[in-house]
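This report refers to the structure that appears directly beneath it.
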Amino acid sequence: MKRAVAVALLMIPSVVWGQGAPDTSRLPPVKPEAVTEGDVDAPAVSKMPPDTETPPRPEAPQDSEPDTEEAAEEPATPPEPLAPPVWQTLQETDDAFVACLGALNELGAVYKLADPQTEEDRDCGIANPVRLSEPVPGVQIDSPALMRCETAVALGTWMRDFVTPAAATLKRGPVVTLAKGSGYQCRRRNNLPDGKLSEHAYGNAIDIMAFGFKDGSQIKVVPREREGSREESFQDAVRATACLYFSTVLGPGSDEAHSDHLHLDVIARDGGFRLCQ
Ligand SMILES: [Zn+2]
């Protein structure tokens, strides 16, 4: 009898487990999910609720719904209006242009108003160009240069306030000529075939290759490796002060493309950042 009881008792657990069989039969399909979720601490049972299955679901429909909406709208927007050409975004208001010409006149600059410039490249151009012959009285650009008025004023003010006084220390007579490199020109930066358009393409830039003095001598812009000359001092002085008026000043040492001239431009950058190298 005792044995029978013992056997019966032994049977109970198996019966209990047997009764639990329906539950365990549900577990197996859940286990793979628990593994993939990677939540080791979480009991398998907690993975049972369909909660774990629902989170991924909302994402899919949420993604797909807007997509279809956007897809439905897209056909209506293809004729995106082109951004205005860059030269147009740089166009001065009438008041600003008149004020700029006033500043140019005050400098005693010699210039002519020129027709608006546009090019095959729609971004190139100048809305209100001036053809500058003398940024300050008595200093001739070797060939008159087209540029925006703002560029001309920057050049004239720099010449008046720093280049002329610096030249006076050299005992060569005043600067009478500026040898111009590029003025207005629809091209890419550094004359590369692609990439961003140069500021020259908007009339924002002028390149100066040399300063000519009344005694006939000339100081060329060239690499000067601490040569200890007055020419070097002059070149360094005018280059450094140019950045008070121009937001970009590049020259020998900046890169190979600027080894024989000073590139000066009035590009407007966020926060008024200036690039002077
Ligand atoms: Zn340049």
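Every read-out reported here was derived from the displayed coordinates using simple, explicitly stated rules and does not represent laboratory data. Owing to the predicted nature of the structure, the values given are computational and were not obtained by experimental measurement. Cβ coordinates were reconstructed from backbone atoms using ideal geometry, including for glycine residues, and neighbour counts include every protein chain displayed.
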Note to self: If I histogram all Cα-Cα distances within the range 86-276 using bins 10 Å wide from 0, what percent of pairs lands in each bin?
What the structure shows: 10, 38, 37, 14, 2
Note to self: Among 164-170, 192-198, how do they line up by average Cβ neighbours within 10 Å per residue, starting with the highest?
What the structure shows: 164-170, 192-198
Checklist line | For the range 108-193, the fraction of alpha-carbon pairs in successive 10 Å shells from zero, as % | finding: 17, 43, 28, 11, 2
Checklist line | Estimated vicinal HN-Hα couplings, Hz - the range 224-235 in sequence order (Karplus 6.51, -1.76, 1.60; Gly, Pro = x) | finding: 10, 7, 6, 7, x, 9, 5, 4, 5, 4, 5, 4
Next item on the list: Would you kindly derive the ³J(HN,Hα) couplings of the range 78-83 from the backbone phi angles with the Karplus curve 6.51 cos²θ - 1.76 cosθ + 1.60 (θ = phi - 60°), listing them in order in whole Hz, with x for Gly and Pro?
Entry: x, x, 4, x, 5, 5
Next item on the list: For Ser198, enumerate residues with amide H under 5 Å from its amide H, sequence gap 5+ or separate chain, H modeled in the peptide plane.
Entry: Arg187, Arg188, Arg189
Note to self: Give me, ordered by chain and number, the residues 5 or more places off Ala210 or on other chains with an amide H under 5 Å from its own placed amide H.
What the structure shows: Ala179, Val221
Notebook entry, point to check: How fast does the range 158-239 diffuse by Stokes-Einstein, in µm²/s, taking the Kirkwood radius from C-alpha pairs at 37 °C and 0.692 mPa s?
Noted result: 233 µm²/s
Notebook entry, point to check: Given H placed on each backbone N at 1.01 Å, which residues far from Ser247 in sequence or on other chains put an amide H within less than 5 Å of it?
Noted result: Asp265, Val266, Ile267
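With respect to the cross-link table entries Lys196/Lys220; Lys171/Lys220; Lys180/Lys214, which display a Cα-Cα separation exceeding 25 Å? Numbers along the way, then the final one.
On the way: Lys196/Lys220 28 Å; Lys171/Lys220 17 Å; Lys180/Lys214 17 Å.
Listed pairs above 25 Å: Lys196/Lys220.
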